[in-house]
Structures are given as C-alpha cells and as structure tokens.
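Novice: Right, I'll just put the structure down here and ask away after.
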Amino acid sequence: MAKQCKSCKPRKASAAGQATARLNVGCCGIVCSECPAFKATQTQDEALARTTAEEWSRQFHIEVKPEHVWCDGCTQPGRKCAHCAECELRTCAQGRKLEHCGQCTDYPCQQLQGFFQMVPAAKQTLERLRA
C-alpha cells in the first residue's frame, strides 16, 4: 500500500493541463485511450488482447495472459487490466483524492520516477497536465 503524506494538498490544473485531462488519462500519466489494452477492450478485439499480452510479457518479463488485458481505464468504472487493478500509483492517487499523480505536491515521488523509466511518455503527459 502506498504511503500517504498528511500534508499533501492537490494542485489545480492550468488551462493546458485541463485540455490534456480531457483525454482518458490514468493516474500515472498513461493515456488510457491510446493503450492497446483499452483499445482491445473497447472494440472487444480478442486478437489485439492476445497480441498485447504477448508484447507485455516480453517487455516486462512477466507472464501476461490475454484475459488479464481487458481494461476500461484506471480512473473509469469497470474492468481493470491485471496491473491497473493493483497499481500502487493508482491506489495512492485515489487515496489522496487526486485525478492523477501530477496534482500531488510530492510530484514526482520516487516510485513515480521509477515508473517513468519504463514509460517515459507518462511523464510527458503529467508534465502537460501540471503546466
């Protein structure tokens, strides 16, 4: 479980950040609407789910099964891919009542910096949301 800072106060997003927020953006900065798992789920594309599971298995050196790929987006109601369902960044942001990590006064925390090394595009998204 992610630690919660008692003094953390949400930041307000700028106009540029609000425009980016209109995208379906996960707590960590991944643009869910561009994610192959989200696309597979929304189109019920089993072949894309299978391909995504294979790619993620290779990329992250873990076994990802196609049935663990279905996801409606981490900030949306519905299904979550296996990782999003247990994501510590998501748990922390939701516990702090934040829409995304870019709103946190502790941004970027050590855990988020480690995540950015795997998914650098997420940092760019959160930076735009903070602008």
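The values are calculated or read from the model by the stated rules, or taken from the named source; none is laboratory data. Note that the coordinates shown come from a computational prediction; the quantities given were computed from them, not determined experimentally. Cβ sites come from the backbone with ideal geometry, for glycine too, and all protein chains shown count toward neighbours.
Novice: Give the residues of region 49-93 that are among the hydrophobic types (A, V, I, L, M, F, W, C), free of Cβ contacts under 8 Å to residues at least 12 places away in the same chain and assigned to a loop (DSSP other than H, G, I, E, B), sorted by residue number.
Specialist: Result: Ile62, single match.
Novice: Which numbered condition trips up Gln44, out of (1) within 11 Å of the chain's Cα centre (by Cα); (2) modelled with pLDDT of 90 or more; (3) of a type in the set (S, T, N, Q)?
Specialist: The one condition Gln44 does not meet is (1).
Novice: So Thr75 clears everything in (1) surrounded by 13 or more Cβ atoms within 10 Å (Cβ to Cβ); (2) over 11 Å from the mean Cα position of the chain (by Cα); (3) at pLDDT below 95 except one condition, right? Which one?
Specialist: (2)
Novice: Here's another thing I want to ask about it. Return the pair list, or none, for Cβ contacts closer than 7 Å from residues in region 101-129 that are of a type in the set (Val, Ile, Thr) to residues that are modelled with pLDDT under 95 and loosely packed, with under 14 Cβ neighbours inside 10 Å, at least 6 apart or on different chains.
Specialist: Hits for this filter: Thr105/Lys9.
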